[in-house]
Amino acid sequence: MTMQPRVLYLLRHAKSSWADDRLDDHDRPLATRGEDAVVRLRRYVAATGIAPDLVLCSTARRATMTLEGIAPALAANTTILVERGQYGASSGDLLARLHGVGDEVSGVMLIGHNPGLESLAALLVADGEPTLRQRLEEKFPTGALATLAFDGEWRHLGAADATLAAFVVPRDL
């Protein structure tokens, strides 16, 4: 049996606001710059046909606002789960979550935070266009979206199994 190719989208939340220092980190909203970035990300998602079957999003306000901003570009049948475990998750936590994804799912988008997302990308990516890989290795800024492709089952996804297919940051869009 041939496995269908899988796609993993790693989206770091857009730029958050530090204007109200009374807010808990979990409750910080997007900054104006972040709101602008989400509009650009939504256009990019729509234009490139990004269509994950499943979105796993952190419960942090800046992450859910990022999700709300791009959601109009996602397919109507996309399953969206907002999970507390995504907030503050390490690369190991994120990988363990991905291992629980069913084989019927061909594409997953994780919307979360650094350092977990950046570390997960570094762990998984073994191949890809050298310039893209270099940019990814240098910095995974707010609003960055990495597209990783791999063959196999989610439960077997591991180190150096993925190819970096695309990497964009808001200022590129």
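Under the condition of being farther than 17 Å from LEU148 by Cα, surrounded by 15 or more Cβ atoms within 10 Å (Cβ to Cβ) and touching a residue at least 40 places away in the same chain (Cβ under 8 Å), the residues counted in the stretch 77-112 number 1.
Listed here are the residues, each with its yes/no results for (1) at pLDDT 95 or above; (2) exposed (fewer than 13 other Cβ atoms within 10 Å of the Cβ); (3) over 18 Å from VAL45 (Cα atoms); (4) touching an Asp or Glu at 6+ places or on another chain (Cβ under 7 Å).
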{"position": "SER119", "(1), (2), (3), (4)": "yes, no, yes, no"}
{"position": "LEU124", "(1), (2), (3), (4)": "yes, no, yes, yes"}
{"position": "ASP127", "(1), (2), (3), (4)": "no, no, yes, no"}
{"position": "ARG133", "(1), (2), (3), (4)": "no, no, yes, no"}
{"position": "ALA146", "(1), (2), (3), (4)": "yes, no, no, no"}
{"position": "HIS156", "(1), (2), (3), (4)": "yes, yes, yes, no"}
{"position": "PHE167", "(1), (2), (3), (4)": "yes, no, no, no"}
{"position": "ARG171", "(1), (2), (3), (4)": "no, yes, no, no"}
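When the stretch 134-173 is filtered for residues that are touching a Pro at 6+ places or on another chain (Cβ under 9 Å) and free of Cβ contacts under 8 Å to residues at least 24 places away in the same chain, only ARG171 remains.
The values are calculated or read from the model by the stated rules, or taken from the named source; none is laboratory data. This one's a predicted model, so the numbers in the text were calculated from it and none came from an experiment. No Cβ is skipped: glycine too gets one built from the backbone with ideal geometry, and neighbour counts run over all protein chains shown.
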